[in-house]
Structures are given as C-alpha cells and as structure tokens.
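**Student:** Would you mind keeping the following structure in view while I ask a few things?
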Amino acid sequence: MIGGLTVYYRGEVLDFLNMLLTDDAAPLMRSRIVFSSKIDVERLKAAVLASAQIVPEIFAGYQADHNRFVVTDQPVNDLVHEVQSPYSPENGAFDFIKGPQLQLFVIHHDQYDVLQAFMSRLLTDSTGFKEYLYLLAQAYNFDDLTGYQNERRLRPVMTQLQRQFSRPRPHPNLTTDAVKLPHYPGITLSHGGHVMLSSKQFMRVRRVAKAQDVGISEAILAAYAKALQVLTGHTTITLPCPINFRRFTPEAEKTTRIANLTGNVFLTIKVDVDAPFSTLVNQVHDLLTTERERAAFLYRLTNLQKMNHTMPISLMRKVTRRWLAQRPLTYTNFGVVDQQRLKFHGLTVVNCVFSGAFRITPTMEIAASTFAGTCTLSFNSNGSERDYQLSMKILENIQAQLLVWAQTKLTTTTSVEHVVNTKAE
C-alpha cells in the first residue's frame, strides 16, 4: 500500500484506445541501452522510486472497465530485475493489465551491462517512453526533481488543436483494406530483426530529404510502401503515420508528458512501379499534408473525449471498435534519442535502440530510432523462421530504397527498382 491506501489515477481516452488494440500482442515498447561498464543496480532502484513520485502509474495495474490505473504498492524488486547474459527478457510474458507498466532488466555481461526497458503503451507513447528514460537518468544522477510534474491530460492539447483547426472534417473512410502479408507454417518463436543506416549513410539520407523538403518519416513510409509493393504485388498500400500532438503545445518548465499523445492518420499510397522513388516520397509528403489540414484526428479525438464522459465503458468499447481501422502493418517513430539527456552518472551509453511490440505474424510493426547519428529500423515478431525472413526482406528493401535515394541526384530520374528487386530475391 502507498501510505496504507489504494490510489487510483484516471486514464485518458488514448490510453483506452491502446487497450482496444492489444488483443493479440502485449502493448509494449522496448529500449536496449548498452553501457560501457557496470551500472549501480541499487542506485537504479532508488532512481525508479524517485521517478515514481512524478509518474506513480509505472507501478500500476490497469482497470479497463473504468479506464484507470491502480497503485496499491511500489515493490521495486518486482520492477527492476538482475539477470545474466545470454538471458533474453523479451521471451517472457508481460501482463500490463495486472501491472506494473514498466519492467527493467539489467543484463550483466563480463565487463559491461545492458539495460532493457519495457514500457506499456497503455501508459504512454514512443515520445513519452523516451521522456521517462530521460527522467530516470535525472533521478539516477541525483538531480533535483522538486516541483516536477507529469502532465497526462489530453484536454490542454485538444484545446490548442481546436484553436488551430476550427472545423475538422471527418475522415471519408475509417476502415481500410490493408495489405496482408503471407503467413508461413512452422514452429512459432520470438524474433527480433533490424537494419542500420550508419551515421554517414543517414547523413546522406537527411541531406537529400532536406533538399527535397520532405521528412525522414515520410521517406521511410514511402520505402515501406515500395517494399510491400515489391514483395506482394499490391500497388495500393495503406499505412498509418503517427502524429505527435505535443508539437501543437509549448513545453512547460519542470513538466514531463509521459502520456499517450500520439494519434495516427492513414495514408493510402499509390505505388507507380515505373516512377522514381523521389516521386513516391513526394506523394507521401502531399498525402500527409492533406491529412494534417483535414484534421480528421481531431474529429475522432473530440468524439472519443465526449464518449469518455458520457458513455459506459462497455458501450464505448463497442462503438470505438467500429471506428478502428485494421492495422496489420504499422509504423512507430521514436525519433532522435537525445544523448545529453540520456546520461547516467559514471557511465557511457555505447548504443541505444528502440523497438515496438512483438506482433504475431503476419502482422508487423516497424520502428525507427536514431542514436549518435545512426538510424535503426527494427521489428519484433512471433512467428516461424520463414515469417522472420520475410520481415527481414521488408527491412532490407526499405534500407535499399533509402540508400539508393541518398545517392541519386534529384535532377535525375534514376530508378531504384532494380536494386530493390534484387534485394527481394
């Protein structure tokens, strides 16, 4: 008990939305932080307890019928675990309904430690996960956290959105005919795969993206769509693109936003097999611009917020499920990891990679994160060996698209199809 009391923390509508999307996979995000030496585990436990003064929900269970988090105790040893390499915590079962919403594993190697952090999407999104790790680093460093607070409310964000988008229009079609990947028989195992763009390679990608006036996520989504076209033959691909609502509101001093403040827009991408990749990237850019101007995400948020205050949860669940587009193929952007904020006293962070949930094939979630200038694209899956190989082909196709695009002058019409088709064989 916390002071002998059970404490309830109200959930927001986007927490509830994430709960509805977790039928077949633990709603988690994972980070893997490699240190150059050994971490002080007791100091880490103290940092967790200190961070819980600001984000008490990390110790909570989640009551879906009431959309709330429940904290009855703070057993730090149930949250921080010490294990020896080659132990793989991702093969374990995570129950974020019973709680807690965070699990930390210190994996001891001979000369160094690896910290694997798993956080529930019921509590926060990809940006909020990073914010929590920054907060944990501050607590580990004995920084003064007096006066810090965590802002989880959606209302301030919606108020600002409504000022910017006065008349949001509903999306014309909330149900999408998604491309389905094949599913191969075999023994089901947990797999993790990734490809990397080195700092030099990613610098070239950023340079050509800037010259073309497009975003990195737009380029990745274009490459994702092209890879799916190559491997499935479909020329119409619908993919979700995350929008971080935090960017619509200013940051406040001593305030973290470890919360679900990200929504998706759905881009229906037409892949012209004969067009250069730069044309496809421009199409994705234009589609995303249109979706942002339409502000359909605000229309849905407004209705969800109203239902949250007027409907019983059971009825809200039935209504909301009808709105949810099927998402067998998803994309999560963790963005750039701030190396200055991810500093633990006495330790050097050698590498840090973020990834998403273990999806049951043929569903798939691709995650992108950047650390020290290196961009990593990753996935986690439960499936057969052939399923894993197919997912790796998708990543390799995306990598090939981006690398050839980065080497192609924008004034030329060089096509990258030959390179990517070779990768797919």
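The values are calculated or read from the model by the stated rules, or taken from the named source; none is laboratory data. This is a predicted model, so every value here is computed, not measured. Cβ sites come from the backbone with ideal geometry, for glycine too, and all protein chains shown count toward neighbours.
**Student:** Give all pairs with beta carbons closer than 7 Å in which a residue from the range 144-159 that is touching a residue at least 60 places away in the same chain (Cβ under 8 Å) meets a residue that is among the acidic types (D, E) and in a loop (DSSP other than H, G, I, E, B); count only pairs at least 6 apart in sequence or on separate chains.
**Tutor:** R152/E12; R153/E12; L154/E12
**Student:** Then there's this: Read through the list (1) under 24 Å from A259 (Cβ atoms); (2) modelled with pLDDT under 95; (3) not β-branched (V, I, T), then give the number of the only condition that K130 fails.
**Tutor:** For K130, the exception is condition (2).
**Student:** A295 - would you say it is among the aliphatic types (A, V, I, L, M), modelled with pLDDT of 95 or more and crowded, with 18+ Cβ neighbours inside 10 Å? Let's see the steps before the verdict.
**Tutor:** Values: among the aliphatic types (A, V, I, L, M): yes; modelled with pLDDT of 95 or more: no; crowded, with 18+ Cβ neighbours inside 10 Å: yes.
No: the conditions fail for A295.
**Student:** With the condition kept exactly as written, say whether any residue in the range 365-386 is assigned to a helix (DSSP H, G or I) and either buried (at least 24 other Cβ atoms within 10 Å of the Cβ) or within 18 Å of the chain's Cα centre (by Cα) (or both). Give the derivation first.
**Tutor:** Quick first cut of the range 365-386, residues assigned to a helix (DSSP H, G or I) only: 385-386.
Subsequent filtering for residues that are either buried (at least 24 other Cβ atoms within 10 Å of the Cβ) or within 18 Å of the chain's Cα centre (by Cα) (or both) retains none.
No, that holds for no residue.
**Student:** May I pose another question? Within the set of pairs 6+ apart or on separate chains, which have a first residue in the range 337-353 that is charged (D, E, K, R), a second that is in a loop (DSSP other than H, G, I, E, B) and modelled with pLDDT under 95, and C-beta atoms under 8 Å apart?
**Tutor:** Listed by first residue and then by second, the contacts come to nothing, as the list is empty.
**Student:** Could you grab me the full set of residues in the range 258-292 that are touching a residue at least 24 places away in the same chain (Cβ under 8 Å), over 23 Å from R327 (Cβ atoms) and either outside any loop (DSSP other than H, G, I, E, B) or in contact with a helix residue (DSSP H, G or I) (Cβ under 6 Å, 6 or more places away or on another chain) (or both)?
**Tutor:** Scanning the range 258-292 gives I258, F277, S278, N282.
**Student:** Residues in the range 55-64: is at least one closer than 29 Å to L329 by Cα, assigned by TED's automatic domain parsing to the domain that holds E131 and of a type in the set (F, W, Y)?
**Tutor:** Yes, there is a match, as at least one residue in the range 55-64 is closer than 29 Å to L329 by Cα, assigned by TED's automatic domain parsing to the domain that holds E131 and of a type in the set (F, W, Y).
**Student:** Also, I was wondering about something else. Kindly evaluate F248 against the criterion of being closer than 30 Å to A137 by Cα, at pLDDT below 90 and of a type outside the set (D, E, K, R). Break it down into steps so the answer makes sense when it comes.
**Tutor:** Numbers: closer than 30 Å to A137 by Cα: yes; at pLDDT below 90: yes; of a type outside the set (D, E, K, R): yes.
Spelling it out, F248 is indeed closer than 30 Å to A137 by Cα, at pLDDT below 90 and of a type outside the set (D, E, K, R).
**Student:** Now a separate question. Among the residues of the range 111-155, count how many are over 23 Å from the mean Cα position of the chain (by Cα) and buried (at least 21 other Cβ atoms within 10 Å of the Cβ).
**Tutor:** Residues that pass the stated criteria total 3.
**Student:** Right, next: Would you check which residues across the range 75-99 are over 25 Å from the mean Cα position of the chain (by Cα) and either surrounded by 18 or more Cβ atoms within 10 Å (Cβ to Cβ) or of a type in the set (A, V, I, L, M, F, W, C) (or both) and list them?
**Tutor:** Within the range 75-99, V76, V83 qualify.
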